[in-house]
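Worksheet: one structure, shown below.
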Amino acid sequence: MKDKLFLALMEAQRAHGHLSMQGFQKLNLSEGQPKTLYILLRAEGCVQKELAEMARVRPASMTVLLDRMEKQGYILRKETRVSGGKRAYRVYMTPEGKVKARQVEELVEVLEERAFSGFSGEERNLLLQMLGRVADNLS
């Protein structure tokens, strides 16, 4: 009975979310941290506000998340000046943070392989493109 998008997405999210949370808990990471570390692997040194935009969370939520990650020793923030001389913070991973980020990346790859088992490369790319369009349409 997956003839509606919300049913298909909810079932896929439930299955994927269950497995990913099990893995992230073993890495001692809380909600939001895996995504942030994954993004920082690709955009280290970005301004905190940009990181919030990439993660699609409110800046205030990102501040709380980064405060916790900083206390855990995963990231550090360095003050910088942006347009108009405004104060901002660039976010960098510590060596421990980079280890965690690579562990997240490895887990994500294992989950992707499992999720796309039996899919051709073309099917995989098409599904990702279509889900991206759905997200854009709903944003």
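Counting just the residues of the stretch 30-55 that are within 12 Å of Val108 (Cβ to Cβ) and in contact (Cβ under 8 Å) with a residue 40 or more places away in the chain, which one comes out surrounded by the fewest Cβ atoms within 10 Å (Cβ to Cβ)?
The extreme case among them is Leu41.
Tyr92 is checked against (1) of a type in the set (Phe, Trp, Tyr); (2) outside any helix (DSSP H, G or I); (3) modelled with pLDDT under 95 and fails just one. What number does that condition carry?
(3)
What's the number of the condition Glu112 fails, among (1) surrounded by fewer than 15 Cβ atoms within 10 Å (Cβ to Cβ); (2) touching a residue at least 24 places away in the same chain (Cβ under 8 Å); (3) in a helix (DSSP H, G or I)?
(2)
Quick check on my filter: what residues within the stretch 56-85 are within 20 Å of Val104 (Cα to Cα) and modelled with pLDDT under 95? Step through it out loud before you land on a result.
In the first step, residues of the stretch 56-85 are kept if they are within 20 Å of Val104 (Cα to Cα); the result is 56-57, 62, 65-76.
The answer is Arg56, Val57.
State whether one or more residues within the stretch 58-79 are over 29 Å from Ser139 (Cα atoms), touching a Ser or Thr at 6+ places or on another chain (Cβ under 7 Å), in contact (Cβ under 8 Å) with a residue 12 or more places away in the chain and surrounded by fewer than 17 Cβ atoms within 10 Å (Cβ to Cβ). Outline the logic, then answer.
We begin by selecting, within the stretch 58-79, every residue over 29 Å from Ser139 (Cα atoms); these are 70-79.
From what's left, touching a Ser or Thr at 6+ places or on another chain (Cβ under 7 Å): 73-76.
Filter once more, keeping what is in contact (Cβ under 8 Å) with a residue 12 or more places away in the chain: 73-76.
Add one more test, that the residue is surrounded by fewer than 17 Cβ atoms within 10 Å (Cβ to Cβ), and what stays is 73, 76.
Yes: one or more hits.
Filter the stretch 80-101 down to the residues that are among the small types (Gly, Ala, Ser) and closer than 28 Å to Glu31 by Cβ, then identify the one that is surrounded by the fewest Cβ atoms within 10 Å (Cβ to Cβ).
Quick first cut of the stretch 80-101, residues among the small types (Gly, Ala, Ser) only: 83-85, 88, 97, 101.
Now restrict to residues that are closer than 28 Å to Glu31 by Cβ: 88, 97, 101.
Details: Ala88: 15, Gly97: 24, Ala101: 23.
For the stretch 80-101, the residue satisfying everything is Ala88.
Just give me the residues in the stretch 52-89 being at positive phi and either in contact with a helix residue (DSSP H, G or I) (Cβ under 7 Å, 6 or more places away or on another chain) or polar (S, T, N, Q) (or both), in sequence order. Before you say what the answer is, go through the steps one by one.
Going through the stretch 52-89, the residues at positive phi turn out to be 56, 73, 84-85.
The one that is at positive phi and either in contact with a helix residue (DSSP H, G or I) (Cβ under 7 Å, 6 or more places away or on another chain) or polar (S, T, N, Q) (or both): Gly73.
Within the stretch 94-111, which residues are under 15 Å from Leu19 (Cβ atoms) and among the acidic types (Asp, Glu)?
The answer is Glu106, Glu109.
Which residues, taken from the stretch 27-41, are among the charged types (D, E, K, R) and either more than 16 Å from Thr63 (Cβ to Cβ) or over 8 Å from the mean Cα position of the chain (by Cα) (or both)? Spell out how you get there, then give the answer.
We begin by selecting, within the stretch 27-41, every residue among the charged types (D, E, K, R); these are 31, 35.
Matches in the stretch 27-41: Glu31 only.
Regarding Val104, is this residue touching a residue at least 24 places away in the same chain (Cβ under 8 Å), crowded, with 17+ Cβ neighbours inside 10 Å and in a helix (DSSP H, G or I)?
Numbers: touching a residue at least 24 places away in the same chain (Cβ under 8 Å): yes; crowded, with 17+ Cβ neighbours inside 10 Å: yes; in a helix (DSSP H, G or I): yes.
Against the criterion (touching a residue at least 24 places away in the same chain (Cβ under 8 Å), crowded, with 17+ Cβ neighbours inside 10 Å and in a helix (DSSP H, G or I)), Val104 qualifies.
The values are calculated or read from the model by the stated rules, or taken from the named source; none is laboratory data. Since this is a predicted model, take the numbers as computed values, not measurements. Glycine also receives a Cβ, built like all others from the backbone with ideal geometry; neighbour counts cover every protein chain displayed.
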